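Asker: I have a structure I would like to understand better, so I am pasting it below and will then ask my questions one at a time.
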Amino acid sequence: MIKIRKRKKSSRMDGSGTHGWGARKKHKKSGHRGGKGMSGSGKRADQKKTLITKLYGNKYFGKQGITSRGTKRDTRKRINLGDIEKNLEKYGKLGKDGWEIDLSDYKILGTGEVKNKLIIKAKQASKSAIDKVKKMGGEILLKIK
């Protein structure tokens, strides 16, 4: 038989004084919850989670990843041909030979379609990007070190 209404623990444990928390001293006031700040933010710190996320954001919980000192993050700027094509006015200007685009800090990647004649100045470019631009009569001018 299924219980339809379960009584609250406080009414069931009337007279016990501990209400299922073991010793009476274990569940008084806020001793287990720590003090101010980050104290008591250990294993059972559900009551502090909102405080932590407001103060520190979600980066406080979980692993953020440790990489060896020798491992450097790749910080080169990259852009796809499709993104250039969508924002032609933002990246370049229309010249007599086609769209002249100066992205000399970027590597041009080949994802996306090319519909216009593009003349792009770039640091690097993938083979597919060079082929797609050449197919439309444009070119990618690579900066030589």
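The values are calculated or read from the model by the stated rules, or taken from the named source; none is laboratory data. All values reported here derive from a predicted model rather than from experimental measurement. Cβ placement follows ideal geometry from the backbone for every residue including glycine, while neighbour counts extend to all protein chains displayed.
Asker: Would you check which residues across segment 78-92 are more than 14 Å from A129 (Cα to Cα) and either modelled with pLDDT under 90 or not basic (K, R) (or both) and list them?
Answerer: Once the filter is applied, which keeps residues that are more than 14 Å from A129 (Cα to Cα) and either modelled with pLDDT under 90 or not basic (K, R) (or both), segment 78-92 yields N87, L88, E89, Y91, G92.
Asker: Further question: Could you identify the single residue in T67, T75 that is β-branched (V, I, T), without any contact (Cβ under 8 Å) to a residue 12 or more places away in the chain and closer than 21 Å to K143 by Cβ?
Answerer: Unique residue meeting the criteria: T75.
Asker: Next up: Specify the residue that is farthest from S10 (Cα to Cα); the eligible residues are those in segment 21-51 that are of a type in the set (A, V, I, L, M, F, W, C), modelled with pLDDT of 75 or more and out of contact with any helix residue (DSSP H, G or I) (no Cβ under 7 Å at 6 or more places or on another chain).
Answerer: Restricting to residues being of a type in the set (A, V, I, L, M, F, W, C), modelled with pLDDT of 75 or more and out of contact with any helix residue (DSSP H, G or I) (no Cβ under 7 Å at 6 or more places or on another chain), the top hit is L51.
Asker: Suppose the filter is within 30 Å of H27 (Cβ to Cβ) and at pLDDT 80 or above; does T75 pass it?
Answerer: no
Asker: Condition first: surrounded by 10 or more Cβ atoms within 10 Å (Cβ to Cβ) and of a type outside the set (V, I, T). Now tell me which residues in segment 51-70 satisfy that.
Answerer: Result: L51, L55, Y56, Y60, F61.
Asker: Can you tell me how many residues in segment 52-72 are modelled with pLDDT of 80 or more and of a type in the set (S, T, N, Q)?
Answerer: Adding up the residues that qualify gives 3.
This table checks each residue for (1) basic (K, R); (2) surrounded by 14 or more Cβ atoms within 10 Å (Cβ to Cβ); (3) not in a strand (DSSP E or B).
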{"position": "K49", "(1), (2), (3)": "yes, no, yes"}
{"position": "I79", "(1), (2), (3)": "no, yes, no"}
{"position": "I84", "(1), (2), (3)": "no, yes, yes"}
{"position": "L103", "(1), (2), (3)": "no, yes, no"}
{"position": "N116", "(1), (2), (3)": "no, yes, yes"}
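Asker: Looking at (1) surrounded by 10 or more Cβ atoms within 10 Å (Cβ to Cβ); (2) modelled with pLDDT of 85 or more; (3) assigned to a loop (DSSP other than H, G, I, E, B); (4) among the basic types (K, R), which is the only condition K96 fails?
Answerer: Status for K96: all satisfied but (1).
Asker: What residue, of R44, R73, R7, is in contact with a His (Cβ under 8 Å, 6 or more places away or on another chain) and exposed (fewer than 12 other Cβ atoms within 10 Å of the Cβ)?
Answerer: The match here is R44.
Asker: List the pairs whose first member sits in segment 49-63 and is within 16 Å of S39 (Cα to Cα), whose second member is of a type in the set (V, I, T), and whose Cβ atoms are under 7 Å apart, counting only residues at least 6 apart or on separate chains?
Answerer: The qualifying pairs are Y60/I52.
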